[in-house]
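Okay, so here's the structure we're looking at.
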Amino acid sequence: MTATATAGDWIDRFKGLKQLEPGIRDILTGRSQVIRMPAGTVIFGPGKSPENMLLLLEGTVRVQQLAENGREVVLYRVTAGESCVMTTACMLAYEDYSAEGVAETDIVAAAVPRAVFDELISTSKDFRTFVFTAYSRRITDLFHVIEDIAFRRMDIRLAQKIAERAEDGTVRATHAQLAAELGTAREVISRQLAEFQRRGWVDLGRGTVTLLDANALERLAES
């Protein structure tokens, strides 16, 4: 983790922070730091206490739950212009993390120290609104994740994920990575992909899924 000089203009990248009063803006920008982390950095993990609220300026962070058997389930991703609800929840409750956050790409973020977070939560209505609005939206997203895992057919969810992640007709991901995205076992994904290949919809390679019949996958994804 490498700190850089504080950049006061980052606050305007977040819609909910633009209307902060000048004094509150000065506290937020003057006592926070802009940090950079390379892809692959584990930003937080189970048992660790959050020291900063991270507001992402560039890149993507993957937040995932690790089961005792080693299986990963991707809960959500944080992209530029967003904050991490897991960090927010832990800071509000003064609890340790129960999930892991990993930088999928090189990232740049504004790190708001806990002391500043606590001060602004108690003194600034606009800052509280920003924090709890982001929190409520992400909680809704997590309910959708739970609903998908519990109730939706895996073939439909896999078809949707392939369509979502395909670039130039190819998905670059291992079966284990797709399983983590969908909250299931690698073996389940391998069987379903083999069925897609048998139907002539995809071609499977090492770490790749090439779309042969995108229309068929789209019809399944929309069913």
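If you go through segment 166-185, how many residues are assigned to a helix (DSSP H, G or I), closer than 20 Å to residue 199 by Cα and of a type outside the set (A, V, I, L, M)?
1
Out of curiosity, is residue 171 over 21 Å from the mean Cα position of the chain (by Cα) and either at pLDDT 90 or above or surrounded by 14 or more Cβ atoms within 10 Å (Cβ to Cβ) (or both)?
So residue 171 does not fit the description; no.
Report yes if some residue within segment 34-42 is within 14 Å of the chain's Cα centre (by Cα) and part of a strand (DSSP E or B); otherwise report no.
yes
Residue by residue, here is whether (1) within 18 Å of residue 77 (Cα to Cα); (2) in contact with a helix residue (DSSP H, G or I) (Cβ under 9 Å, 6 or more places away or on another chain) holds:
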{"position": "114", "(1), (2)": "no, yes"}
{"position": "120", "(1), (2)": "no, yes"}
{"position": "134", "(1), (2)": "yes, yes"}
{"position": "144", "(1), (2)": "yes, no"}
{"position": "166", "(1), (2)": "yes, yes"}
{"position": "179", "(1), (2)": "yes, yes"}
{"position": "219", "(1), (2)": "no, yes"}
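Can you confirm whether residue 40 is modelled with pLDDT of 90 or more and among the small types (Gly, Ala, Ser)?
Answer is yes for this residue.
Yes or no: residue 25 out of contact with any Cys (no Cβ under 7 Å at 6 or more places or on another chain), open to solvent by 70 Å² or more (accessible area, probe 1.4 Å) and not in a loop (DSSP other than H, G, I, E, B)?
Judged against the criteria, residue 25 is not a match.
Is there a residue being touching a Phe, Trp or Tyr at 6+ places or on another chain (Cβ under 6 Å), surrounded by 18 or more Cβ atoms within 10 Å (Cβ to Cβ) and farther than 30 Å from residue 92 by Cβ anywhere in segment 150-167?
no
Please determine whether any residue of segment 196-219 is under 21 Å from the mean Cα position of the chain (by Cα) and either surrounded by 12 or more Cβ atoms within 10 Å (Cβ to Cβ) or part of a strand (DSSP E or B) (or both).
Among the residues of segment 196-219, not one is under 21 Å from the mean Cα position of the chain (by Cα) and either surrounded by 12 or more Cβ atoms within 10 Å (Cβ to Cβ) or part of a strand (DSSP E or B) (or both), which makes the answer no.
Cβ-Cβ under 8 Å, sequence separation 6+ or interchain: first residue in segment 30-50 and closer than 16 Å to residue 95 by Cα, partner acidic (Asp, Glu) and assigned to a strand (DSSP E or B). Which pairs?
44/100; 45/100; 46/100
With respect to residue 86, is the statement that it is touching a Gly at 6+ places or on another chain (Cβ under 8 Å) and in contact (Cβ under 8 Å) with a residue 24 or more places away in the chain true?
Yes, satisfied.
The values are calculated or read from the model by the stated rules, or taken from the named source; none is laboratory data. The shown structure was predicted, so the numbers you read here are calculated from the model rather than taken from an experiment. We place every Cβ from the backbone using ideal geometry, glycine too, and count neighbours over all the protein chains shown. Note: accessible area is taken over every heavy atom of the protein model, side chains too, but ligands, DNA and RNA are not part of it. Shrake-Rupley method; radii C 1.70, N 1.55, O 1.52, S 1.80 Å.
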